[in-house]
Amino acid sequence: MPEKRYLFTPGPTPVPPEVLAALAQPVVHHRGPDFRKIYGRCLERLAEVYRTDSDVLLFTSSGTGGLESVVANLCAPGDKVLAVTAGNFGERWAGLAELYGCDVQRLTYEWGETPSPDELDARLDEIGGAKVVLLTHSETSTGVVADVQALAAVARGARAMVAVDAVSSLGAVPLDTDSWDLDAVVSGSQKALMTPPGLAFVAVSERAMDAASELPVRGLYFDWRRTKAGQAKLDAPVTPAVSLITALDVALGILLEEGIDSAVERHIRLGRACRAGVKAMGLELFSPDEDRSAVVTAVRVPEGVDAAALLLDLRDRMGVQLIGGQGELKGKVVRIGHIGYYDVFDITTALGALELGLSEAGAEIERGIAVTAALEAFEHTKV
C-alpha cells in the first residue's frame, strides 16, 4: 500500500488538518461551560449553512439516523407518504417509511434519471395527495442532483410537508431551507462539511415541529421535542460526540470563512473539471453533464474492464480510492467524489490515476490529455 493516500469517495471525504487537530484536543465534559460554548456556536453555524432561522437538531449518528428521525417524528402508521426514488438513497427513504408502517407511494425513476416536478405534480394528484413528500437532493449512487426547489414547490402546492435528504448536498450545491419552504432537511458530517462520520443534522421548520408535537412520542434517541428542549439550554438530552462536535465547529468555521456561495462555485468548477477530464479520455459519463452534478461524477466502465479489479489496483498500487457502483450499477460505473476539502489538483490526481489504471487494464482510451482538459475547464470557466 503506498504511503501517500488519496480519498475520492462521496463520503467519507478528506478532513482538513485543522479539523484533525481539533479531534486530538483533550475531551471535555459535555455538561460543562467549555463544551456549551462550542455546542452553541456549532448550532448557530449549522443554521447559517442551512440558511434557516429554524432549529437545526444535532444527533450523534450517521445521516441515516437523521432520516429515521424525520419518519419517526412526522409519520404515524398508515400516513400516506410519497417517496421520489431514482437511486439507492431514494429507496432508503422509502424503506424507512415502510418500516414505520406508512402507506408508502412511490414516484420511481430509472437510476440516472432526474425527477420531474410535472411528474411529481401528476403523481400527487393521482394518489390524492400525501402528508409528506420524501426527496433526495443529491443521489450519490448515480451522481444526479435533483431540482429540489422546484419539486418542493409542487409538494407544498399540494399541501404536503417536504423532507429532503441533503446528506451529500449541504455545503456543496445550492440549498436554501427557508426560501425553498422545506420542512425537514437532513445532512451529515462526513460529506461537504469536512468532518469524520458520526454526526447528523436535521433542520426542522416550525410547521414540521408543530406536526411532530401532535403525534405520540415514538422513541427516545431521535425525539425532536426532547432534542430541541435540550439544545435550547445547550444541554444535550443524551451524551453527544464531544470531539466530533469540536471538530465540526472548526470545519464549519472554515466553510463559512470561504462563504457558502464561494464553496458552491468551487464545487461547480470542480465538477466541470472532472467531467472534462473524463470526456477527454473518451470515457462515457453516467451522471449528467450539467453544473448541478457537482457532488460526484459517475463514469461508465469500458467494455472488458473489471471494475472491482480496477478499483483495487488504484487503491493498492497508487493509493487512490475511488468508489464503484451500488445496486444495479455495481460493476458498471466508477464514481469520483469531489465534495468538501478538494481543489483542482486533487481532481487531476484522480484523473491521472484513472487514466493509468484503465490503460494498463487494456482499455482503449485517449492518453495524456485528461489533466490538461480538467485544468482548462476549471481555469477558463466562470459560474
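The values are calculated or read from the model by the stated rules, or taken from the named source; none is laboratory data. Being a predicted model, the structure only gives us computed values, none of them experimental. Cβ atoms come from the backbone with ideal geometry, glycine included; neighbour counts cover every protein chain shown.
Starting from residues that are basic (Lys, Arg) and outside the structural domain of Ala203 (by TED's automatic domain parsing), keep the ones in segment 1-49 and report whichever is nearest to Thr140 (Cα to Cα). Looking at residues that are basic (Lys, Arg) and outside the structural domain of Ala203 (by TED's automatic domain parsing), I get Arg5.
Of all helices (runs of 4 or more DSSP H) completely enclosed by segment 9-116, which ones contain at least 2 residues that are surrounded by fewer than 17 Cβ atoms within 10 Å (Cβ to Cβ) and among the hydrophobic types (A, V, I, L, M, F, W, C)? Steps first, please.
Details: elements: 17-23, 33-50, 63-74, 88-99.
Filter on segment 9-116 gives 17-23.
Report yes if Asp165 is surrounded by fewer than 24 Cβ atoms within 10 Å (Cβ to Cβ), closer than 27 Å to Asp343 by Cα, touching a residue at least 60 places away in the same chain (Cβ under 8 Å) and of a type in the set (D, E, K, R), otherwise no. So Asp165 does not fit the description; no.
Among residues that are in contact (Cβ under 8 Å) with a residue 60 or more places away in the chain, in a helix (DSSP H, G or I), under 25 Å from Pro174 (Cα atoms) and among the β-branched types (Val, Ile, Thr), Val202 is not included.
So that you can scan it fast, the table gives a plain yes or no per residue for (1) part of a loop (DSSP other than H, G, I, E, B); (2) in the same structural domain as Thr142 (by TED's automatic domain parsing); (3) surrounded by fewer than 24 Cβ atoms within 10 Å (Cβ to Cβ):
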position: Ala298; (1), (2), (3): no, no, no
position: Pro302; (1), (2), (3): yes, no, yes
position: Leu312; (1), (2), (3): no, no, yes
position: Arg335; (1), (2), (3): no, no, no
position: Ile339; (1), (2), (3): yes, no, no
position: Ala350; (1), (2), (3): no, no, no
position: Ala353; (1), (2), (3): no, no, yes
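Annotation: of all residues in segment 229-246 being out of contact with any helix residue (DSSP H, G or I) (no Cβ under 7 Å at 6 or more places or on another chain) and within 25 Å of Val162 (Cβ to Cβ), the one that is surrounded by the fewest Cβ atoms within 10 Å (Cβ to Cβ) is Ala232.
This table checks each residue for (1) in contact with a Gly (Cβ under 7 Å, 6 or more places away or on another chain); (2) within 23 Å of Lys332 (Cβ to Cβ).
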| site | (1), (2) |
| --- | --- |
| Thr64 | no, no |
| Leu67 | no, no |
| Asn73 | no, no |
| Arg92 | no, yes |
| Leu96 | no, no |
| Leu99 | no, no |
| Asp103 | yes, no |
| Leu107 | no, no |
| Glu110 | no, yes |
